[in-house]
1. Output the residues belonging to segment 129-146 that are modelled with pLDDT of 65 or more and either closer than 26 Å to Ala34 by Cα or open to solvent by less than 30 Å² (accessible area, probe 1.4 Å) (or both).
2. Which of (1) within 25 Å of Ala122 (Cα to Cα); (2) out of contact with any Leu (no Cβ under 8 Å at 6 or more places or on another chain); (3) open to solvent by 70 Å² or more (accessible area, probe 1.4 Å) does Ile2 not meet, given it meets every other one?
3. Check whether at least one residue in segment 106-122 is among the aromatic types (Phe, Trp, Tyr) and in a loop (DSSP other than H, G, I, E, B), and report yes or no.
4. Here's a check for you: in segment 17-45, which residue that is among the charged types (D, E, K, R) and assigned to a loop (DSSP other than H, G, I, E, B) is farthest from Asn116 (Cα to Cα)?
5. Consider Leu64 against the criteria (1) outside any strand (DSSP E or B); (2) in contact (Cβ under 8 Å) with a residue 24 or more places away in the chain: it satisfies all of them except one. Which criterion is unmet?
6. Return yes or no: is Ala70 surrounded by fewer than 16 Cβ atoms within 10 Å (Cβ to Cβ), part of a loop (DSSP other than H, G, I, E, B) and at pLDDT 95 or above?
7. Could you tell me whether Leu35 is open to solvent by less than 10 Å² (accessible area, probe 1.4 Å), in contact with a helix residue (DSSP H, G or I) (Cβ under 8 Å, 6 or more places away or on another chain), at pLDDT 95 or above and not charged (D, E, K, R)?
8. When you go through (1) within 19 Å of Gly66 (Cβ to Cβ); (2) at pLDDT 95 or above one by one for Ser126, which number turns out not to apply?
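The values are calculated or read from the model by the stated rules, or taken from the named source; none is laboratory data. Remember, predicted model here, so these are calculated numbers, not experimental data. Methodologically, a virtual Cβ is constructed for each residue, glycine included, from the backbone with ideal geometry; neighbour enumeration extends over all protein chains shown. For accessibility, only protein heavy atoms count, side chains too; no ligands or nucleic acids. Shrake-Rupley method; radii C 1.70, N 1.55, O 1.52, S 1.80 Å.
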Amino acid sequence: MIWQNNEQIRHTLETTFNEILDKRMRDLPVVNFALSVQAFGFNRFGEDWLGVLITPWFMNLMLLPGPDSAWQEQAPGIKIDKHFPYGTFEFTLGTETQIDTYALCSLFSPMFQFENQAAALATAESALQGLLAETAPRTVSRRDLLRGAIGKGNR
(Lines give C-alpha, C1' and ligand atoms only; values in the text may rest on other atoms or scores of the structure.)
Protein backbone atom coordinates (compact mmCIF):
# COMPACT_ATOMS: atom_id res chain seq x y z
CA MET A 1 0.00 0.00 0.00
CA ILE A 2 1.27 3.46 -0.85
CA TRP A 3 0.00 5.95 1.72
CA GLN A 4 -0.94 9.33 0.27
CA ASN A 5 -2.20 11.34 3.26
CA ASN A 6 -3.52 11.05 6.80
CA GLU A 7 -7.17 10.97 5.67
CA GLN A 8 -6.52 7.87 3.56
CA ILE A 9 -4.66 6.32 6.50
CA ARG A 10 -7.42 7.18 8.99
CA HIS A 11 -10.16 5.75 6.77
CA THR A 12 -8.24 2.55 5.93
CA LEU A 13 -7.15 1.82 9.52
CA GLU A 14 -10.55 2.55 11.04
CA THR A 15 -12.34 0.42 8.41
CA THR A 16 -9.87 -2.45 8.81
CA PHE A 17 -9.86 -2.50 12.60
CA ASN A 18 -13.64 -2.09 12.83
CA GLU A 19 -13.89 -5.23 10.68
CA ILE A 20 -11.44 -6.96 13.04
CA LEU A 21 -13.59 -5.87 15.98
CA ASP A 22 -16.73 -7.26 14.35
CA LYS A 23 -15.25 -10.52 13.06
CA ARG A 24 -12.48 -11.49 15.49
CA MET A 25 -12.74 -9.54 18.74
CA ARG A 26 -16.44 -8.96 19.48
CA ASP A 27 -16.86 -11.91 21.88
CA LEU A 28 -13.48 -11.69 23.64
CA PRO A 29 -13.32 -10.48 27.25
CA VAL A 30 -10.54 -7.93 26.49
CA VAL A 31 -12.87 -5.55 24.62
CA ASN A 32 -13.89 -2.30 26.32
CA PHE A 33 -17.19 -1.50 24.60
CA ALA A 34 -17.10 2.10 25.86
CA LEU A 35 -14.39 2.70 23.25
CA SER A 36 -14.26 2.72 19.48
CA VAL A 37 -11.62 2.36 16.78
CA GLN A 38 -9.84 5.63 16.03
CA ALA A 39 -6.66 6.44 14.10
CA PHE A 40 -5.05 9.58 15.47
CA GLY A 41 -2.28 11.92 14.34
CA PHE A 42 -0.84 10.11 11.33
CA ASN A 43 1.84 12.39 9.90
CA ARG A 44 5.17 11.84 8.24
CA PHE A 45 8.08 11.06 10.55
CA GLY A 46 11.24 10.51 8.54
CA GLU A 47 10.44 7.97 5.86
CA ASP A 48 7.37 6.61 7.72
CA TRP A 49 3.90 7.68 8.81
CA LEU A 50 3.53 7.84 12.62
CA GLY A 51 0.35 7.92 14.67
CA VAL A 52 -1.63 6.18 17.40
CA LEU A 53 -4.25 3.52 16.79
CA ILE A 54 -6.92 3.28 19.49
CA THR A 55 -9.15 0.21 19.55
CA PRO A 56 -11.42 -1.18 22.27
CA TRP A 57 -8.71 -3.76 23.04
CA PHE A 58 -5.40 -1.86 22.60
CA MET A 59 -3.70 1.49 22.08
CA ASN A 60 -0.51 1.33 20.03
CA LEU A 61 1.98 3.66 18.48
CA MET A 62 1.83 2.72 14.82
CA LEU A 63 4.18 3.16 11.91
CA LEU A 64 3.13 2.77 8.30
CA PRO A 65 5.89 2.59 5.72
CA GLY A 66 6.67 5.35 3.30
CA PRO A 67 8.06 4.45 -0.12
CA ASP A 68 11.65 4.46 1.20
CA SER A 69 11.06 2.60 4.48
CA ALA A 70 13.74 -0.07 4.93
CA TRP A 71 11.53 -2.34 7.05
CA GLN A 72 8.46 -2.64 4.80
CA GLU A 73 9.63 -5.86 3.12
CA GLN A 74 10.43 -7.69 6.38
CA ALA A 75 8.30 -10.52 7.74
CA PRO A 76 5.54 -10.10 10.34
CA GLY A 77 6.78 -10.70 13.88
CA ILE A 78 10.17 -9.09 13.24
CA LYS A 79 11.09 -6.41 15.78
CA ILE A 80 12.62 -3.09 14.72
CA ASP A 81 13.98 -0.18 16.74
CA LYS A 82 12.80 3.28 15.79
CA HIS A 83 14.47 6.46 17.05
CA PHE A 84 12.40 9.46 18.17
CA PRO A 85 13.31 12.69 19.94
CA TYR A 86 12.21 11.05 23.23
CA GLY A 87 14.29 7.92 22.68
CA THR A 88 14.33 4.54 20.96
CA PHE A 89 11.30 2.26 20.97
CA GLU A 90 10.84 -1.31 19.79
CA PHE A 91 8.10 -2.00 17.24
CA THR A 92 6.76 -5.37 16.09
CA LEU A 93 5.83 -5.80 12.45
CA GLY A 94 2.39 -7.03 11.52
CA THR A 95 0.28 -7.33 8.42
CA GLU A 96 -3.36 -7.16 7.43
CA THR A 97 -4.61 -7.67 3.88
CA GLN A 98 -6.15 -4.19 3.60
CA ILE A 99 -3.10 -2.30 4.90
CA ASP A 100 -0.08 -4.54 4.17
CA THR A 101 2.87 -4.22 6.57
CA TYR A 102 2.76 -2.00 9.65
CA ALA A 103 4.71 -1.69 12.89
CA LEU A 104 3.19 -1.49 16.39
CA CYS A 105 4.51 -0.47 19.80
CA SER A 106 2.06 -1.22 22.60
CA LEU A 107 0.99 1.59 24.91
CA PHE A 108 -2.02 -0.08 26.59
CA SER A 109 -3.65 -3.49 26.39
CA PRO A 110 -6.34 -4.18 27.40
CA MET A 111 -8.10 -0.80 27.59
CA PHE A 112 -10.26 -1.06 30.70
CA GLN A 113 -8.57 1.89 32.44
CA PHE A 114 -10.31 4.23 29.96
CA GLU A 115 -13.81 5.31 30.88
CA ASN A 116 -14.59 6.78 27.48
CA GLN A 117 -13.19 7.63 24.05
CA ALA A 118 -12.28 11.18 25.08
CA ALA A 119 -9.97 9.87 27.82
CA ALA A 120 -8.31 7.42 25.43
CA LEU A 121 -7.86 10.12 22.80
CA ALA A 122 -6.35 12.57 25.32
CA THR A 123 -3.85 9.87 26.36
CA ALA A 124 -2.99 9.10 22.73
CA GLU A 125 -2.40 12.78 22.01
CA SER A 126 -0.21 13.17 25.10
CA ALA A 127 1.83 10.08 24.24
CA LEU A 128 2.41 11.22 20.67
CA GLN A 129 3.40 14.73 21.77
CA GLY A 130 5.77 13.30 24.37
CA LEU A 131 7.35 10.93 21.89
CA LEU A 132 8.14 13.84 19.58
CA ALA A 133 9.30 16.23 22.34
CA GLU A 134 12.57 17.89 21.42
CA THR A 135 14.33 17.28 24.74
CA ALA A 136 15.07 13.60 25.22
CA PRO A 137 15.36 12.28 28.78
CA ARG A 138 18.45 10.26 29.73
CA THR A 139 16.49 7.04 30.14
CA VAL A 140 13.49 6.02 28.10
CA SER A 141 10.55 4.70 30.06
CA ARG A 142 7.19 4.04 28.45
CA ARG A 143 5.64 4.53 31.91
CA ASP A 144 7.13 8.05 32.18
CA LEU A 145 6.03 8.84 28.64
CA LEU A 146 2.44 7.88 29.43
CA ARG A 147 2.44 9.69 32.78
CA GLY A 148 3.53 12.89 31.07
CA ALA A 149 6.78 13.02 33.05
CA ILE A 150 8.72 14.35 30.09
CA GLY A 151 10.93 17.28 30.91
CA LYS A 152 9.87 17.45 34.56
CA GLY A 153 13.14 16.23 36.01
CA ASN A 154 11.56 13.36 37.95
CA ARG A 155 13.26 10.35 36.43
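1. Within segment 129-146, Gln129, Gly130, Leu131, Ala133, Arg142, Arg143, Asp144, Leu145, Leu146 qualify.
2. Checking Ile2 against (1) within 25 Å of Ala122 (Cα to Cα); (2) out of contact with any Leu (no Cβ under 8 Å at 6 or more places or on another chain); (3) open to solvent by 70 Å² or more (accessible area, probe 1.4 Å), the one that fails is (1).
3. yes
4. Asp27
5. Result: Leu64 passes all but (1).
6. Values: surrounded by fewer than 16 Cβ atoms within 10 Å (Cβ to Cβ): yes; part of a loop (DSSP other than H, G, I, E, B): yes; at pLDDT 95 or above: no.
So Ala70 does not fit the description; no.
7. When the stated conditions are applied, Leu35 does not pass them.
8. Against the list (1) within 19 Å of Gly66 (Cβ to Cβ); (2) at pLDDT 95 or above, Ser126 comes up short only on (1).
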